[in-house]
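The values are calculated or read from the model by the stated rules, or taken from the named source; none is laboratory data. Everything numeric here is computed off the predicted structure, so don't read it as measured data. Quick reminder, even Gly has a Cβ in these numbers, built from the backbone with ideal geometry, and neighbours come from all protein chains shown. Note: accessible area is taken over every heavy atom of the protein model, side chains too, but ligands, DNA and RNA are not part of it. Shrake-Rupley method; radii C 1.70, N 1.55, O 1.52, S 1.80 Å.
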Amino acid sequence: MKKFWFWLVLLSVLLVISFVLGVNLGYAKIPLSQVMSIIGHHLGINMSMDGIKDSTIDIITYIRVPRLILAVIVGMSLATSGVVMQAVVRNPLADPFVLGVSSGAALGATLAILFGLGKFVGPNSVGFVAFLMAFLVAMLVVFLANLGGRATSTKLLLSGLALSTVASSFSNLLIYLSPNRDAARQVTFWMLGSLAGAKWNQITFIGPIILICSLFFLVQYRTLNLMLLGDEVSITLGKDLNKSRHIFILVSSALIGFVVYVSGVLGFVGLIVPHIARILIGTDHKKLIPISMLLGSLLLLWADVISRILIPGSELPTGVIISIVGAPLFIYLIIKRTYGGRK
């Protein structure tokens, strides 16, 4: 337990420090003292704002801070969903998108961008349709897994892979046949994932929803621990996991759907973060979920910062940075044989 509290406190402190540094770093050079003054002022702390330009206040208040808050929220959500999905399908290589959620979201975004689907919701039509398609695919996965008998982790995994392939094929076909090259390029950029469009109204809308979903999984740690043992063992202990598995998939898919709504498709966070957390504190989900939340937030926060500062005057999609960092790290975990939290 001491190890858990050590990592919890350490990662929390690192997250706070990283947030402040993330606000400080960017194309526009802003002294750290001004960053502290502006953040403190918005937190209600009596700090001097003398000599700070209005443009500097606007950059921090309306661009960098909401972007980093969104990075923390999205990273936490992806990591939590990764932990849950790996427990549900009992596969250490599973991630939030293993059940076809990302492919469904990509198909929804493709339909919205190329054909204007969902225009009635205004400028958020792409994210809205992506969310709906992601959730629809998740429900189809549950339906298919229950055909011919009760759903099992293997049937869920195979159903997800099948629907993921179908959705990806339709997306690629639509992009290939589209005469609008600009729209096709826009689809590609959205599928890479980015936090550049972060706004306060998005955070206030999805923030509470994502927090509730994450807290839901936090109190379900006993059931998640049982899922690692398998259905046969859990039934002997008086717990039927079938209903819980369905609920977890739908809640997790809703969680990812909202993430896709605001940031596009971001991979690798939900895949590698749970493995790192297991190496640090073991497989007990009571400890694993909060540590994974903090690690996911840290990883995505720094990926977003790097995407902003790597090329002066330009910006890379956050998903590209995540992939560049995530792929070698995961390969390293495989080589060291620590991907399951043990050697």
Inset, instruction - Quick one: in the range 19-62, of everything that is within 26 Å of residue 256 (Cα to Cα) and touching a residue at least 60 places away in the same chain (Cβ under 8 Å), which residue is farthest from the chain's Cα centre (by Cα)? - result: 62
Legend entry - Given (1) buried (at least 24 other Cβ atoms within 10 Å of the Cβ); (2) assigned to a helix (DSSP H, G or I), index of the condition residue 290 fails: (1)
Legend entry - Some residue of the range 83-100 being open to solvent by 20 Å² or more (accessible area, probe 1.4 Å) and at pLDDT 90 or above: no
Inset, instruction - Go through the residues of the range 101-111 one by one and say whether even a single one is under 25 Å from residue 297 (Cβ atoms), surrounded by fewer than 24 Cβ atoms within 10 Å (Cβ to Cβ), within 18 Å of the chain's Cα centre (by Cα) and modelled with pLDDT under 85. - result: no
Inset, instruction - Count, please, the residues in the range 264-287 that happen to be farther than 19 Å from residue 104 by Cβ and either open to solvent by 10 Å² or more (accessible area, probe 1.4 Å) or touching an Asp or Glu at 6+ places or on another chain (Cβ under 9 Å) (or both). - result: 12
Legend entry - Selection count where residues are touching a residue at least 24 places away in the same chain (Cβ under 8 Å) and open to solvent by 30 Å² or more (accessible area, probe 1.4 Å), scope the range 309-326: 7
Inset, instruction - May I ask you to list the residues in the range 90-145 that are in a loop (DSSP other than H, G, I, E, B) and in contact (Cβ under 8 Å) with a residue 60 or more places away in the chain? - result: 90, 91, 92, 93, 94, 95, 96, 97, 98, 99, 100
Legend entry - Elements of type helices (runs of 4 or more DSSP H) in the range 176-233, at least 2 residues being open to solvent by 50 Å² or more (accessible area, probe 1.4 Å) and under 22 Å from residue 293 (Cβ atoms): 200-218, 221-229
Inset, instruction - Determine whether residue 261 is open to solvent by 30 Å² or more (accessible area, probe 1.4 Å), of a type in the set (Phe, Trp, Tyr) and within 19 Å of the chain's Cα centre (by Cα). - result: yes
Inset, instruction - Look at residue 255 and say whether it is hydrophobic (A, V, I, L, M, F, W, C), under 21 Å from residue 84 (Cβ atoms), modelled with pLDDT under 90 and not in a loop (DSSP other than H, G, I, E, B). - result: yes
Inset, instruction - Name every residue in the range 147-175 that is closer than 19 Å to residue 251 by Cα and either without any contact (Cβ under 8 Å) to a residue 40 or more places away in the chain or loosely packed, with under 12 Cβ neighbours inside 10 Å (or both), in order of residue number. - result: 155
Inset, instruction - Filter the range 125-146 for residues that are open to solvent by 30 Å² or more (accessible area, probe 1.4 Å), farther than 17 Å from residue 171 by Cβ and aliphatic (A, V, I, L, M) and give the result. - result: 139, 144
